[in-house]
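Okay, so here's the structure we're looking at.
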Amino acid sequence: MTATLLDGKKIAAEIREEVGVKVKEFVQSGGPTPCLTAVLVGEDPASQVYVRNKSRACEKAGIDGRTLRLPVETTEQELLDVVRNLNADPAVHGILVQLPLPKDGNGGKGFDERLVLDAVDPRKDVDAFSPVNVGLLMQGRPRFLPCTPHGIVQLLHRENLSVAGKHVVVVGRSDIVGKPMAMMLAQRDGSCGPKVANATVTIAHSRTANLAEICRSADVLVAAVGVPEMIGGDMISDGAVVIDVGINRVADGAGGYKLVGDVNFDEAAKKASAITPVPGGVGPLTIAMLLHNTLLAAQAIFKK
Ligand SMILES: NC(=O)C1=CN([C@@H]2O[C@H](COP(=O)(O)OP(=O)(O)OC[C@H]3O[C@@H](n4cnc5c(N)ncnc54)[C@H](OP(=O)(O)O)[C@@H]3O)[C@@H](O)[C@H]2O)C=CC1
Ligand SMILES: Nc1nc(=O)c2c([nH]1)NC[C@@H]1CN(c3ccc(C(=O)N[C@@H](CCC(=O)O)C(=O)O)cc3)C=[N+]21
């Protein structure tokens with residue numbers, strides 16, 4: 001089988017366009033310009049790219065996208081104060097603390113990531129990382145859907161790929177991708193995205209025995225591992241749908257870097273019925289859903 005390419009970049013552009021129209025309507029009806037503030041500590045090059053992409057996308061959608069760049073010397077207390085000031089600022093609707101926080105930050109001690117994320121007001125938590133938002137999601141009554149899994153849900157929906165009754169294998173159990181992805185696809189009622197529900201979900205991770213065999217039993221395989229091209233063609237059954245979340249920078253052999261996913265694309269494309277590329281797959285969708293959440297946050301605060 002030769003796979004259809006699932007064009008995340010194109011679908012993300014459609015979603016951003018739709019969000020842009022809704023932002024315009026919201027502002028015309030008297031609402032404030034939705035404002036997303038990203039907090040970036042240190043100078044991690046990958047984080048710089050994501051934050052730049054986010055602010056460009058915000059601008060195009062009519063959202064005020066701000067970035068607070070803090071030096072790596074920032075202390076945990078100072079970072080908590082920054083977050084609390086953003087919580088209290090009525091002009092800011094969405095707050096995103098870019099992860100990972102630098103290991104050498106906070107005077108060399110590193111940050112307690114949980115403590116910092118927990119300080120974000122749940123109503124402004126457009127990443128959907130706070131315990132309140134995770135709990136609401138789990139119970140099938142989400143306020144914000146986490147951006148990366150929501151992007152995947154939108155992709156499946158818009159490509160008419162149903163997961164109902166299918167076996168979905170999610171490789172990876174992070175709080176940002178694997179865990180919420182698994183929970184969202186297993187919902188009874190599609191509360192976690194349009195019509196996307198009722199999958200039978202397996203969560204695999206680094207302690208999983210027989211990973212290849214489990215992956216081969218997947219109708220839909222979601223790889224969120226962070227290991228370049230670790231999912232080979234031998235781990236994919238004929239006709240499976242493959243969603244590659246991985247964004248890994250590897251040497252390109254010419255002195256520079258290139259991005260590859262967690263899936264060996266060339267091998268997988270020979271087996272799968274449909275597959276997302278890296279770049280141009282899940283990454284752009286993540287940003288589109290972040291804009292969506294920022295508008296939701298502004299609408300919810302405005303209504304009160
Ligand atoms: N496209 C996008 O928008 C986004 C992309 N990403 C990318 O997705 C990837 C995953 O990110 P994230 O979820 O944050 O990663 P984490 O490092 O937090 O989690 C990785 C998960 O993969 C599991 N794992 C690691 N090695 C193996 C292995 N050899 N076999 C099976 N499972 C393994 C780990 O298992 P265990 O729990 O046992 O350690 C863990 O659950 C990264 O490449 C990241 O850059 C992330 C966020 C957004
Ligand atoms: N609080 C927080 N929330 C996040 O959502 C978050 C985070 N921290 N830390 C890092 C990960 C990663 N992430 C990506 C977003 C966009 C692309 C993206 O746009 N990728 C493009 C290419 C980007 C490039 O050229 O490097 C693509 O895949 O086509 C990738 C990865 C969000 N994350």
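Quick check on V27: is it closer than 20 Å to L117 by Cα and part of a helix (DSSP H, G or I)?
no
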Inset, instruction - Might you check whether a residue that is more than 15 Å from ligand 2 (Cβ to nearest atom), crowded, with 18+ Cβ neighbours inside 10 Å, at pLDDT 95 or above and of a type in the set (S, T, N, Q) occurs anywhere in region 64-84? - result: yes
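Could you check region 196-304 for strands (runs of 3 or more DSSP E) lying wholly inside it with 3 or more residues that are more than 16 Å from ligand 2 (Cβ to nearest atom) and of a type in the set (A, V, I, L, M, F, W, C)?
Result: 200-204.
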Legend entry - Of all residues making up region 172-195, the number that are under 17 Å from I214 (Cα atoms) and either in contact with a Lys or Arg (Cβ under 7 Å, 6 or more places away or on another chain) or away from ligand 2 (no atom under 16 Å from the Cβ) (or both): 2
Legend entry - For V169: the one exception among (1) in contact with a Cys (Cβ under 6 Å, 6 or more places away or on another chain); (2) within 13 Å of ligand 2 (Cβ to nearest atom): (2)
Inset, instruction - Inspect region 71-87 for any residue being basic (K, R) and more than 22 Å from the chain's Cα centre (by Cα) and give the result as yes or no. - result: yes
Legend entry - All positions within region 244-280 that are touching a helix residue (DSSP H, G or I) at 6+ places or on another chain (Cβ under 8 Å), more than 12 Å from A3 (Cβ to Cβ) and surrounded by 18 or more Cβ atoms within 10 Å (Cβ to Cβ): V245, I247, N264, V278
Legend entry - Filter result for L161 (open to solvent by less than 70 Å² (accessible area, probe 1.4 Å), of a type outside the set (F, W, Y), touching a strand residue (DSSP E or B) at 6+ places or on another chain (Cβ under 9 Å) and in contact (Cβ under 8 Å) with a residue 60 or more places away in the chain): yes
Inset, instruction - Determine which member of the set V41, V21, V49 is under 23 Å from A91 (Cα atoms) and open to solvent by less than 60 Å² (accessible area, probe 1.4 Å). - result: V41
Inset, instruction - Specify the residue that is nearest to V19 (Cα to Cα); the eligible residues are those in region 138-153 that are open to solvent by 10 Å² or more (accessible area, probe 1.4 Å) and over 9 Å from the mean Cα position of the chain (by Cα). - result: L145
Inset, instruction - For residues that are of a type in the set (G, A, S) and modelled with pLDDT of 95 or more, scanning just region 252-274, find the one that is farthest from ligand 1 (Cβ to nearest atom). - result: S273
Legend entry - Residues (acidic (D, E) and without any contact (Cβ under 8 Å) to a residue 40 or more places away in the chain) located in region 228-247: E229, D234, D244
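The values are calculated or read from the model by the stated rules, or taken from the named source; none is laboratory data. On a predicted model such as this, the values are computed, not experimentally measured, just so you know. A quick note on method: Cβ atoms are made from the backbone with ideal geometry, for glycine too, and the neighbour counts reach across all protein chains shown. These area figures cover heavy atoms from the full protein model, side chains too; ligands, DNA and RNA do not enter into them. Shrake-Rupley method; radii C 1.70, N 1.55, O 1.52, S 1.80 Å.
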